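Read the structure below first, then the notes.
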Amino acid sequence: MSNKRVVSGIRPTGNVHLGNYLGAIRNSVALQDAHQGFFFIADLHAVTEEYDAKLLAEHTCATAAIYLASGIDATRSTLFVQSHVPAHCGLARVLGSIAPFGLLSRMVQFKDKSERQGAKTCLGLFDYPVLMAADILAYKPELVPVGSDQKQHLELTQQLANRFNKRFGPVFVVPKPLIMQDGARIMSLSDGNSKMSKSEPNDRSRINLLDGADAVKAKVHFAKTDLIKGLEFGNRDRPEVNNLLTIYQLASGKSREHVATECGDMGYGKFKPLLTDALVSYLEPIQTRFARIMGDRAELDAILKQGAERAGVIAEETLKQAMSAMGFAGRT
Ligand code: ATP
Ligand code: MG
């Protein structure tokens with residue numbers, strides 16, 4: 001097996017949706033052949049905004065099951081829960097000492113989210129990108145498959161790795177984000193200018209990976225469109241149409257050119273049922289596998305336990321190297 005590594009995570013903040021799948025999960029699955037995969041459920045990142053403590057454990061299990069149902073193979077890759085590997089927090093703490101406050105305050109996600117949360121904004125939200133850098137750097141990966149919303153955080157991770165290596169010696173590998181062109185940013189079904197998100201309260205704004213045929217049909221039916229005749233990719237003034245065509249292209253497995261020709265003259269009355277059918281067929285195998293995996297919780301727990309053990313050995317070692325380079329006294 002290759003010793004090149006790849007790392008990616010998902011927050012257990014709700015229903016995993018098509019944007020998560022097309023932007024990150026499917027790329028993670030594809031990379032398993034040539035890389036050692038480390039995939040985690042980012043539960044420590046889920047408590048940085050208001051959340052329901054009664055649902056966190058359930059969302060964590062379901063998100064792990066989604067990873068497996070999507071094709072993450074626990075015999076080849078390491079699947080684990082972030083909070084089960086305490087070295088992530090240790091590494092975040094020491095990276096905090098070289099993370100520039102000004103840079104963190106300028107992170108777009110922090111600015112957006114803190115604006116929405118006002119007085120409820122917490123320290124965890126502010127240093128989210130530092131913990132994310134630790135999540136990644138702990139495994140010295142070559143690649144990090146993410147959606148384009150994480151680009152800025154990945155750049156910060158690179159900066160922290162470079163800064164650390166320059167000051168204390170070459171401990172970290174500077175990772176590259178893997179942001180695919182198609183699917184890097186799937187937009188909300190109700191607003192073509194906002195990305196599809198788990199934490200958006202309106203469930204109709206997204207296609208969840210576990211949505212059944214009726215839900216998909218209703219959501220596609222209510223998806224925002226416009227009154228202009230014909231369907232086209234790439235028109236900035238028609239973000240909703242571009243998004244629906246992109247989703248159709250990726251779910252049907254057809255090329256962009258094929259879809260542009262096939263759908264160019266269509267009205268929504270013809271296109272929306274086509275999109276619905278493509279989505280239902282695309283999601284069905286994932287849903288069947290998900291049900292099977294969730295039916296054996298002991299097996300799922302065992303996979304996550306073994307994953308945390310494997311990940312823990314590597315993350316602990318990196319933390320030790322980083323602390324030693326920084327001059328901490330070693331434990332005898
Ligand atoms: P939340 O609203 O709770 O932040 P989210 O939908 O943004 O949820 P995350 O768990 O934050 O999901 O992100 C998991 C992965 O999915 C990341 O790699 C992220 O870049 C990617 N991702 C999230 N939303 C989209 C999207 N709309 N299109 C493509 N990729 C996405
Ligand atoms: Mg997010």
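The values are calculated or read from the model by the stated rules, or taken from the named source; none is laboratory data. Computed from a predicted structure; not experimentally measured. Cβ sites come from the backbone with ideal geometry, for glycine too, and all protein chains shown count toward neighbours. Side chains are part of the model used for accessible areas, which takes the heavy atoms of the whole protein and leaves out ligands, DNA and RNA. Shrake-Rupley method; radii C 1.70, N 1.55, O 1.52, S 1.80 Å.
Taking a straight line from the alpha carbon of Lys140, these lysines sit under 27 Å away, with near neighbours fewer than eight places off in the same chain left out: Lys4, Lys151, Lys166, Lys176, Lys305, Lys320. The sum of -39500 (n - 2.57) across all DSSP H runs of n ≥ 4, divided by the residue count of the chain, sets its helix-only mean residue ellipticity at 222 nm to -16000 deg cm²/dmol.
Here's the list of lysines a cross-link from Lys217 could span, going by alpha-carbon distance under 17 Å and ignoring same-chain residues fewer than 8 apart: Lys270, Lys272.
Summarising the amide proton neighbourhood of Thr78: residues at separation of 5 or more, or on other chains, whose placed amide H is nearer than 5 Å comprise Gly37, Phe38, Phe39. State, as an integer percentage, the relative contact order of the stretch 203-291 based on alpha-carbon contacts under 8 Å between residues 6 or more apart. The value is 34 percent. Among the trypsin sites (Lys or Arg not before Pro) found in the stretch 1-45, those both in a DSSP coil and sparsely packed, with 14 or fewer other Cβ atoms within 10 Å of their Cβ, are Lys4.
Rounded to the nearest 0.05, what FRET efficiency do Arg116 and Glu58 have when you use their Cβ-Cβ distance and R0 = 25 Å?
Efficiency at R0 = 25 Å is approximately 0.50.
Can you tally the net charge around Val6? Count Lys and Arg as +1, Asp and Glu as -1, for every other residue whose Cβ sits under 15 Å from the Cβ of Val6. Within the 15 Å Cβ shell, the charges total +3.
Averaging 1/r over each pair of different alpha-carbon atoms in the chain and inverting the result gives 20.9 Å, the Kirkwood hydrodynamic radius. What separates the Cα centres of the stretch 97-121 and the stretch 30-80 is a distance of 25 Å.
Rounded, prolate or oblate: which fits the stretch 70-176 when a ≥ b ≥ c are the square roots of the eigenvalues of the alpha-carbon gyration tensor, with rounded for a/c under 1.5 and prolate only if a/b beats b/c? It comes out oblate by the Cα gyration axes.
Of the solvent-accessible surface of the stretch 76-163, computed with a 1.4 Å probe over protein heavy atoms with every protein chain present, carbon and sulfur atoms account for 55 percent. Nonpolar atom fraction for the stretch 203-291, defined as the carbon and sulfur part of the 1.4 Å probe accessible area, stands at 53 percent. Beyond 19 Å, the tail of the calculated P(r) for the stretch 203-291 holds 36 percent of the Cα pairs.
Accessible surface area normalised per residue over the stretch 203-291 is 52 Å², counting heavy atoms of protein chains with a 1.4 Å rolling probe. Approximating the spin labels as points 7 Å out from Cα along Cα→Cβ, the Asn202-to-Asp301 distance works out to 4.1 nm.
For Ala30 and Glu309, a Förster radius of 25 Å and the Cβ-Cβ distance give a FRET efficiency of 0.45, rounded to the nearest 0.05.
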